[in-house]
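Read through the structure below, which is laid out as structure tokens, and then see the notes.
The values are calculated or read from the model by the stated rules, or taken from the named source; none is laboratory data. Fair warning: this is a prediction, and the values are worked out from it, not measured in the lab. Here the Cβ positions follow ideal geometry from the backbone for every residue, glycine too, while neighbour counts run over all protein chains shown.
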Amino acid sequence: MHTGSEVTMHPFHHANIHERRWAATFARMLPLGSLLLICAIVAFGVFRSATTLLVISAILNVGMWLWVCSTAMFGVLGASTVRETLDASQSACPNVDNPPAASSDEQGGAVEDGRPSVRHIIVFPNYKEDEDMLAETCASIREAKGSKDFWVVLAMEESEGAEAHAKAERLKEKFGDSFAKMLATFHPTNLEEKHLDGSSDLEVPGKASNLKWAVKEAHKTAIAENLDMEMVVLTVADADCLFHPGYYVKLEDDFHMMRGAPGEQHKWTMWQAPQLPYRNYYPSPVPARAWGYISSLYEFGGVCSINAGGHHMVFSAYSVPMQLAVDAQLWDGDVIAEDHHAYLKCFLYSARASAMEAVAKMQAGEPTPGCRPKLRVRPVMLPVKSTSVVSPDGYWDSWVARWHQATRHCQGVAELSYSALATYDLLCTLPLSVYNLHFLSHLFKVVFRPFLIHILPVGQSIALGVLTLYWLLHQRSVPMCPDRIWMASSDGETLLCGLAGAWVLTWPVVIPFTLLALCNYRFISVTFTEPATHLLTGKKPASIW
């Protein structure tokens with residue numbers, strides 16, 4: 001527990017949408033209900049009130065436009081920061097062929113520059129992954145400065161059978177001497193996830209359930225070896241993720257900066273690097289490339305926005321203090337989107353801890369600002385490189401594989417249900433005395449984010465698509481709206497038509513797509529093209545990254 005107060009509260013961060021209570025049922029219905037509500041408003045606009053159709057289209061268009069364009073602009077500007085960080089990080093890891101290790105201390109950690117070094121535990125959940133790819137990933141970690149002190153955990157699935165054990169042993173034999181410890185965990189089948197209401201469900205095979213088991217096993221081993229848990233940082237990544245050799249050094253510098261400052265922010269921080277899925281760009285099919293452009297815009301631009309006060313959730317490959325991960329029990333065995341779920345759960349856990357401290361101070365007669373969630377996401381501006389979905393069975397099978405990946409991503413909409421359910425429990429739990437404007441605004445931004453990711457794009461597409469069909473079926477005209485761009489004026493009706501995209505599609509379509517192309521050009525140039533050019537000209541040493 002991260003709070004020393006005697007106050008206890010209901011652990012609302014452990015809410016689960018599979019519980020058997022009415023609030024969980026309502027939360028599960030919320031995503032579909034939101035889309036049906038949008039569809040109902042659109043249908044009413046088509047058959048009864050064209051103004052209603054224009055209004056709903058305008059609201060969704062403006063929301064989507066502001067989100068996409070602002071994220072793209074942050075990405076374009078942030079690419080320059082990434083370039084500067086890449087140049088500066090070269091001095092942090094000057095020799096990737098033989099990275100120096102720090103000296104060990106009594107607790108099995110390390111000491112560097114007179115300060116205790118962070119112990120990195122890196123977990124790679126995988127299932128039937130290509131062994132060569134896993135080997136390349138391990139080799140890339142070996143290039144990082146201080147990698148001799150790293151723990152690497154191969155999180156395998158027991159359901160993969162004997163091949164999983166054999167693969168893990170071969171990798172341990174090949175890379176075991178490169179790290180302080182290399183573990184292999186095997187996630188059992190038929191485990192259950194227990195809920196607060198006493199119900200339970202079988203775990204869902206996937207990254208979340210595998211991580212839950214692997215982190216628990218790694219934590220047991222760390223405790224047995226007397227590691228200082230305050231100095232242990234857990235990094236989670238997919239099997240295809242290549243971290244920059246300077247990532248861990250950059251994270252350590254940030255960790256020690258916060259550790260030396262007042263407060264305990266280093267205990268309440270998650271770290272996220274921008275991620276680009278372009279390692280296998282050329283063999284990727286069209287749908288995978290299209291998704292890569294969109295994903296890069298959101299992830300790269302979102303991470304870049306953090307320094308400007310933006311809000312972003314962790315994604316795919318991220319780092320978190322081990323003690324925080326264990327205390328908050330970040331991963332549930334019956335969820336799919338483990339990264340977003342971990343962030344939401346961690347935020348709510350930090351809100352609970354802050355509220356408990358506030359109540360304890362109130363009871364002691366001390367002044368308190370109320371509940372102020374402690375969790376922060378901090379960027380590490382050294383991009384992670386990953387792959388897009390490509391099937392070994394051929395081009396068209398890659399289309400099918402991308403479809404299956406898209407369906408998994410769509411299941412992340414369950415995080416909207418989780419955030420709604422946990423927020424409901426939070427509102428029922430926290431006393432009114434701990435609420436303040438800062439807390440409420442922060443809570444709204446966090447809870448609303450899954451709606452932006454999963455509901456807004458679909459709703460905006462439905463509204464704009466129906467408006468386009470309405471325009472075509474009514475002889476290319478919409479009531480109250482000009483049918484030629486030069487007929488536009490500054491009156492309210494024309495402005496509404498413009499925001500709805502009824503008379504010109506330049507702003508809702510052309511501008512976002514132009515920014516999408518521009519920011520991805522910048523991402524690829526800074527992260528792939530320029531480093532390759534420096535390598536060819538001998539300006540920088542070779543590395544797997």
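For the reader, a short list of remarks on this structure follows.
- Matching residues in the stretch 367-402 - criterion: being outside any loop (DSSP other than H, G, I, E, B), of a type in the set (Lys, Arg) and either in contact with a Leu (Cβ under 9 Å, 6 or more places away or on another chain) or within 16 Å of residue 264 (Cβ to Cβ) (or both): 376, 378, 385
- Once the stretch 469-505 is narrowed to residues that are loosely packed, with under 12 Cβ neighbours inside 10 Å and assigned to a helix (DSSP H, G or I), the residue that is modelled with the lowest pLDDT is 487.
- First in the stretch 384-396 and closer than 13 Å to residue 286 by Cα, second anywhere and of a type in the set (Lys, Arg) and outside any loop (DSSP other than H, G, I, E, B), Cβ under 6 Å, 6 or more apart: 389/402
- Output for the stretch 210-223, where each listed residue is more than 13 Å from residue 124 (Cα to Cα) and in contact with a strand residue (DSSP E or B) (Cβ under 8 Å, 6 or more places away or on another chain): 217, 221, 222
- Checking residue 254 against (1) among the acidic types (Asp, Glu); (2) buried (at least 22 other Cβ atoms within 10 Å of the Cβ); (3) farther than 22 Å from residue 344 by Cα, the condition it does not meet: (2)
- Restricted to the stretch 309-321, and to residues there that are crowded, with 22+ Cβ neighbours inside 10 Å and more than 11 Å from the chain's Cα centre (by Cα), the residue that is nearest to residue 73 (Cα to Cα) is 320.
- Hey, residue 334 modelled with pLDDT of 95 or more, of a type in the set (Asp, Glu) and farther than 21 Å from residue 74 by Cα or not: no
- The set of residues in the stretch 372-405 being under 30 Å from residue 33 (Cβ atoms), surrounded by fewer than 14 Cβ atoms within 10 Å (Cβ to Cβ) and of a type in the set (A, V, I, L, M, F, W, C) consists of 403 alone.
- Selection within the stretch 1-13: residues that are at pLDDT 95 or above and surrounded by 19 or more Cβ atoms within 10 Å (Cβ to Cβ). The member of this set that is nearest to residue 414 (Cα to Cα) is 13.
- Within the stretch 156-214, the set of residues being part of a loop (DSSP other than H, G, I, E, B) and either of a type in the set (Val, Ile, Thr) or touching a His at 6+ places or on another chain (Cβ under 6 Å) (or both) comprises 189, 196, 204.
- Residue check for residue 384: under 30 Å from residue 289 (Cβ atoms) and touching a Cys at 6+ places or on another chain (Cβ under 7 Å): yes
- Residue within the stretch 180-197 that is of a type in the set (Lys, Arg), under 23 Å from residue 411 (Cα atoms) and either over 23 Å from the mean Cα position of the chain (by Cα) or at pLDDT below 95 (or both) present: yes
- Residue 289 vs. criteria more than 23 Å from residue 207 (Cβ to Cβ) and surrounded by fewer than 20 Cβ atoms within 10 Å (Cβ to Cβ): yes
- Apart from one condition, residue 224 fits all of (1) over 24 Å from residue 353 (Cβ atoms); (2) among the small types (Gly, Ala, Ser); (3) surrounded by 22 or more Cβ atoms within 10 Å (Cβ to Cβ); the exception is (3).
- Residue within the stretch 238-247 that is surrounded by fewer than 20 Cβ atoms within 10 Å (Cβ to Cβ), of a type in the set (Asp, Glu), within 22 Å of the chain's Cα centre (by Cα) and at pLDDT below 95 present: yes
- Test result for residue 139, surrounded by fewer than 20 Cβ atoms within 10 Å (Cβ to Cβ) and among the aliphatic types (A, V, I, L, M): yes
- Any hit, the stretch 433-441, residues being modelled with pLDDT under 90 and part of a loop (DSSP other than H, G, I, E, B): no
- All positions within the stretch 19-46 that are in a loop (DSSP other than H, G, I, E, B) and more than 29 Å from residue 434 (Cα to Cα): 20
- Only one of 355, 325, 351 that is of a type in the set (A, V, I, L, M, F, W, C), surrounded by 21 or more Cβ atoms within 10 Å (Cβ to Cβ) and in contact with a strand residue (DSSP E or B) (Cβ under 7 Å, 6 or more places away or on another chain): 325
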